[in-house]
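Visitor: I have a structure I would like to understand better, so I am pasting it below and will then ask my questions one at a time.
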Amino acid sequence: MSVLEVRNLSKSFDGEEVLRDVSFDLEKGECLVILGNSGSGKSTCLRCINLLEHPDGGEIIFQGQNILGRHVDENKVRSRINMVFQSFNLFANMSVLDNCIIAQRKVLHRSKEEAKRIAMENLNKVGLAEKAKAFPASLSGGQKQRVAIARSLCMDPEILLFDEPTSALDPLMVAEVCGVMAKLREEGVTMVLVTHQIEFAKKIASKTMFLYSGVVDCLGPTNEIFGNPTPKFKEFLAVELG
Ligand SMILES: Nc1ncnc2c1ncn2[C@@H]1O[C@H](COP(=O)(O)OP(=O)(O)OP(=O)(O)O)[C@@H](O)[C@H]1O
Ligand SMILES: [Mg+2]
C-alpha cells in the first residue's frame, strides 16, 4: 500500500489556478523529486501535503486516511509528514539541542530525558553532536540545515518533505547537506524533494515528477523520465543545465 496517495489536487490563489489535477503515489522508502520552473507550483504542492495550505479540491490519503477530511489533527499530520525548509526556520533564541527537543516535548509529549536522548542521536547522525549547546547564529548555513534535518528526524516522521533545502547555501555547504540526504535515502527514509539541483535529483530520486504551470507534465521512474523526456521537460533541462 502507498504511504501517500495524492488525487486530483487543485489550488487557486486569488482566482489564479496554481495546481490542477495533480496526482501521484508515494511508496514507503521511495524518494520523489519534484522539478519545475519557478512559479510552477512545487512549493504549493509540498505545502498542501502537510496542510500548510488547504487545497481547493482533491484528496490526500496518508496511511489510508484522507487528511483533508474533518477531525484531522493538523499538528499531528505535520509531525508525521515533516517539512525541512529552505530557510531552516530554527529558533534563534534556543540552543541546537533545544531546537531538536521542543516539538518532541510539545507534540509527542516525550519526557525530557527521552527527547534529549533522541535529539543527541539525530544530531550525531548529521554529524553535529558537538554543536548541541551552540546557538543557531554561530553555525554555518550548512550546519543550520543539518540541525533542521535532525530536528525533523526527531519526530520519527513517516515522510520527510524538503523544499529546496540547499538553495540558500554556498556551494561548499551544498555537498554536506546533500550527503545527509543521500544517507537518509540509503536508510530507507521516505521523502519528497523539491530541488533545482538536477544532477543530485537524478541520483537520489526513485521517481520524478515535472510540474509545468501547475499541471503534471510527466511522472514516472527517474531513469524513464530523464531517458525519454517530454518536449517541455527537455526544454526545462536545457535551460537548467545551461
Ligand atoms: N500564499 C500565496 N498567495 C498568493 N499566491 C501565491 C501564494 N503562494 C504561492 N503563490 C503563487 O502560486 C504560484 C506557484 O508558487 P510556488 O511557490 O508553489 O512555486 P514554486 O514552483 O515553488 O516556485 P519557486 O521555484 O520559485 O520556488 C506562483 O505564481 C505564486 O506567486
Ligand atoms: Mg518554491
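The values are calculated or read from the model by the stated rules, or taken from the named source; none is laboratory data. Small disclaimer: the values here were computed from a predicted structure and weren't measured. Virtual Cβ from ideal backbone geometry, glycine too; neighbours counted across all protein chains shown. Please note that ligands, DNA and RNA were not included when accessible areas were found on the heavy atoms of the full protein model with its side chains. Shrake-Rupley method; radii C 1.70, N 1.55, O 1.52, S 1.80 Å.
Visitor: Residue check, N99 against (1) crowded, with 19+ Cβ neighbours inside 10 Å; (2) closer than 30 Å to E240 by Cα, all met but one. Which one?
Guide: (2)
Visitor: Show the residue pairs that are 6+ apart or on different chains and have beta-carbon atoms under 6 Å apart, the first residue being within region 174-187 and free of Cβ contacts under 8 Å to residues at least 60 places away in the same chain and within 16 Å of N122 (Cβ to Cβ), the second being assigned to a helix (DSSP H, G or I) and among the aromatic types (F, W, Y).
Guide: That search, which allows pairs on different chains as well, returns nothing.
Visitor: Just to be sure, is T230 more than 24 Å from A148 (Cα to Cα), surrounded by fewer than 17 Cβ atoms within 10 Å (Cβ to Cβ), of a type in the set (S, T, N, Q) and more than 16 Å from ligand 1 (Cβ to nearest atom)?
Guide: It is true that T230 is more than 24 Å from A148 (Cα to Cα), surrounded by fewer than 17 Cβ atoms within 10 Å (Cβ to Cβ), of a type in the set (S, T, N, Q) and more than 16 Å from ligand 1 (Cβ to nearest atom).
Visitor: May I ask you to verify whether D21 is exposed (fewer than 15 other Cβ atoms within 10 Å of the Cβ) and within 9 Å of ligand 1 (Cβ to nearest atom)?
Guide: Values: exposed (fewer than 15 other Cβ atoms within 10 Å of the Cβ): yes; within 9 Å of ligand 1 (Cβ to nearest atom): no.
Against the criterion (exposed (fewer than 15 other Cβ atoms within 10 Å of the Cβ) and within 9 Å of ligand 1 (Cβ to nearest atom)), D21 does not qualify.
Visitor: Go through K112, K125 for me and flag whichever is open to solvent by 60 Å² or more (accessible area, probe 1.4 Å) and touching a residue at least 12 places away in the same chain (Cβ under 8 Å).
Guide: K125
Visitor: Kindly provide the set of residues from region 223-242 that are of a type in the set (D, E) and at pLDDT 95 or above, ordered by number.
Guide: The answer is E224, E235.
Visitor: Shifting gears a bit: Which numbered condition trips up C45, out of (1) under 29 Å from A201 (Cα atoms); (2) away from ligand 1 (no atom under 16 Å from the Cβ)?
Guide: (2)
Visitor: Please identify the pairs in which a residue from region 66-88 that is open to solvent by 60 Å² or more (accessible area, probe 1.4 Å) and within 16 Å of ligand 2 (Cβ to nearest atom) has its Cβ atom under 6 Å from the Cβ atom of a residue that is modelled with pLDDT of 90 or more and part of a strand (DSSP E or B), counting only partners at least 6 apart or on another chain.
Guide: Q86/D163
Visitor: Take the conditions within 13 Å of ligand 2 (Cβ to nearest atom) and at pLDDT 95 or above and apply them to N37. Does it pass? Before the answer, list the steps.
Guide: Numbers: within 13 Å of ligand 2 (Cβ to nearest atom): yes; at pLDDT 95 or above: yes.
Against the criterion (within 13 Å of ligand 2 (Cβ to nearest atom) and at pLDDT 95 or above), N37 qualifies.
Visitor: Could you please give the count of residues in region 183-227 that are part of a helix (DSSP H, G or I), within 16 Å of F162 (Cα to Cα) and open to solvent by less than 40 Å² (accessible area, probe 1.4 Å)?
Guide: 5
Visitor: Would you check which residues across region 154-175 are among the hydrophobic types (A, V, I, L, M, F, W, C), within 22 Å of E5 (Cα to Cα) and more than 16 Å from ligand 1 (Cβ to nearest atom) and list them?
Guide: M155, I159, L160, listed by residue number.
Visitor: Sticking with this structure for a sec: Do we have K28 as within 8 Å of ligand 1 (Cβ to nearest atom) and touching a Gly at 6+ places or on another chain (Cβ under 9 Å) here?
Guide: no
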